[in-house]
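Just below is one structure, and these are the notes that go with it.
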Amino acid sequence: MNEQTVCPHCQHVREENEQQVPSWQCPGCGRKYYEKDAPSGLLYPASWKAEWRNTDEKNKVALVFTLAIALVVLATNWGRLPTPSVHNSQWDGSVYQVEAYLKSNLRDPDSYQGIAWGKVTPKDGGYSVYHRYRAKNGFGGYVVHEDMFFIDQQGNVRKAVQR
Ligand SMILES: [Zn+2]
């Protein structure tokens, strides 16, 4: 005598005369009795698996939503982040904002070579710094420059004046 098969969905007890219905399917409700859970290899009622899938989807939606909120918060605070400090590098005296300015404004940025830096000093609510450097001119020859750079509180180079 076989064990009774009870459907986990509708509790239908499988009858001897229901052999025409595949053994994995409930003759009462037509659903699959069990489904194999891929990661664990365990068998669970098919309806449970569907519920888990829904929970997974909800978790994914929640995660995407959280990330979106985080991005919006970051974007709206971007302009309010602490202002960059303008100072001489403790290794070579260089001033990051001035180097960045030169590298985006020189005719031949790759030819830039820093030679000497003055000390960053407060000036008109911002800063000023002296810098001697070498760079190629339009004719491919190196020219030594001696400039005063004026930097505002936000770290933007506002003016470069030949000295
Ligand atoms: Zn059933």
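Miscellaneous remarks
- Modelled spin-label separation between Gln4 and Val72, with each label point placed 7 Å from Cα along the Cα-to-Cβ direction: 5.5 nm.
- The gain in end-to-end length when the Arg163 to Met148 segment is fully stretched comes to 4.7 nm, 0.36 nm per residue minus the alpha carbon separation.
- Partner lysines for Lys159 [C-alpha distance under 19 Å; skip if fewer than 8 residues away on the same chain]: Lys103, Lys119, Lys123
FYI, it's all coordinate maths here, none of it is from the lab. Fair warning: this is a prediction, and the values are worked out from it, not measured in the lab. Quick reminder, even Gly has a Cβ in these numbers, built from the backbone with ideal geometry, and neighbours come from all protein chains shown.
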